[in-house]
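Read through the structure below, which is laid out as structure tokens, and then see the notes.
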Amino acid sequence: MAEQISIIDQILANTDPKVIVNELTIDDEYIAIAKTNQDEYDGVHKVLLRQDKKIGEGSNAKTVPVARLVVSFQKTITNLAVAFLFGRPIKYVMDSEDNTQDAFTSMQDLFRQKKMEYFDRKIARRVMIETRCAELWYATNETFNKDEPKAPDDPGYVASKIGVMLLSKETGYEIFPYFDQFGDMVAFTMKYSGKIYDKTTKKVMSQNYIKVFTSAQIITYVQTGSGIAEESREPNPFGKIPVIYYEQDQAEWKDVQTLIDRYEDHISHHADENDYYASPILKIKGKIVKPPEKDQTGKVLQFDSQMTSDGKSFMYGDAEYLTWDQAPESLKLEGSNLKDLIYSLTSTPDVSFTSVKGISNISGIALKLLFFDATLKAMNHQEVFGEGISRRVNLVKQILSITNVAIGDAINNLQVTVKFQDPTPQDIKEAIETLTEGMAGKPVMSRQTALRNNPLVVDAKDEAIEMDEDEKRNTDDTIIKPGSFNI
């Protein structure tokens, strides 16, 4: 039976680079959508397009500026969603045997060096805004050779520098995954602009690049005018596409964008009304004899009497303030309803000071219920990010098995589970009291566990040794030594 050629091999077999790139970078309008979403996140909103009001005619015509108030619900919704997902860093738990501890330590050290707990938040924020994002892993080592890797004790060995990059529209990359009929990503393409030195003009110039990753090779194309030329084609040393791709259907706030637009129009119109009517207006009937001075104490308004038009009686002046007692109740109700809908439909808790200032001491379970909706949304996000981070673990294992020959076998046997943590405040006291009551007052944890969970302890092992020394020292001080008493 003849071996079936994969779809990506058929595409890359084409002799025209332009045909290859066009097939792998089919535009599904995500670039335009990403820009629109970024503008909405940054505060470029429809309310800013409100036209100034023109009043009067001819020489008396003038333009009155209107209020254009932007409310960044998009940032609040996104930032809180990121906080509930990665507010507390994820944990990597080793599920394999102890002989893989060195490999697990190497992986944790790499994640720590690359500050992945902060990188995860950046990824989540980009996905929630642009709807797609990726992380690219690479290893730089000129002596690296997959077929003949050098051991660390080899004189020619040079340690590989493993790095990771964030690929998104904001960071200057247009990204295009390519999936086969089974839903597997068989190619990943990124477009970006780089810098080159032109020897002819002796100037640094911009150059547009297109890089294609497959499990077998890495191809770089250069865009020259309307044409595309292949610059390099290298074997992929990792045997896997070194990219972790994340995607969600729409921006985090998209379901309530129309409500946000309406809310901004609402408060902008209300601001205009306040400009017109909120300040006191004095209505005067008749003619004032002498207006009081600004700093005068005991101000008095005096009016001239005027004969009525029929000449039979006199008309006396008067003055009173025109006041706007209160805005219509329906306006206030609409603003409140819009705000509540924006928060509730995006499962975003309102954690502003105004909302929480009246909350007194509440139990741990009540606190959980308060943020339950946001927690459920974070769990839904774990479908995307949990899968992506699990793939990250497998990719990094593959890279370490090649770049660090000494722990290659241990890396292959390493099993790691990714666990998300709850960012909501924990009522530790209530939990321990409940456990203690259940155990009839007996201890519910070891001293080592208590030390590991003590936020003031840096190293639990060192702390345990110091505590043992303190206890021994105290015991020695209390022992009655012979001859210590004179009778």
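Some values worked out for this structure:
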quantity	calculated
Ellipsoid semi-axes in whole angstrom, largest first, where each is sqrt(5λ) of the Cα gyration tensor of the chain	62, 43, 21
Segment VAL384-GLU469, extension gain: residue separation times 0.36 nm, minus the distance between their alpha carbons	25.7 nm
Calculated [θ] (222 nm, deg cm²/dmol) that DSSP helices of n ≥ 4 give over the chain, each run adding -39,500 (n - 2.57)	-12500 deg cm²/dmol
Summed side-chain charge close to GLN223 - residues other than GLN223 whose Cβ falls under 11 Å, Lys, Arg +1, Asp, Glu -1	+1
Alpha-carbon centroid distance for the pair the range 1-59 / the range 182-222, whole angstrom	19
Using a Förster distance of 60 Å, the FRET efficiency for GLU230-ASP422 (Cβ separation, nearest 0.05)	0.75
Modelled FRET efficiency - R0 56 Å, LYS115 with ILE281, Cβ distances, 0.05 increments	0.40
Nearest-ten-degree value, helix 428-438 long axis tilted from longest Cα axis of the chain	60
Cβ-placed point charges (K, R +1; D, E -1), dipole of the chain about Cα centre in debye, nearest 20	1640
Theoretical gain in end-to-end length, VAL70 to GLU273 [0.36 nm per residue, Cα-Cα removed]	71.4 nm
FRET efficiency estimate (nearest 0.05) - Cβ-Cβ, LYS240 to GLN101, R0 30 angstrom	0.80
Order of GLU135, GLU469, GLU231 - criterion: other Cβ atoms within 10 Å of each residue's Cβ, fewest first	GLU469, GLU231, GLU135
Estimated inter-spin distance, THR258 and ILE31, nm [label 7 Å along Cα→Cβ]	3.0
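Just so you know, all these numbers are worked out from the coordinates, no wet-lab data involved. Bear in mind the structure is a predicted one, so any value in this text is a computation, not a measurement. When we count neighbours, we look across all protein chains shown, and the Cβ atoms used for this are built from the backbone with ideal geometry, even at glycine.
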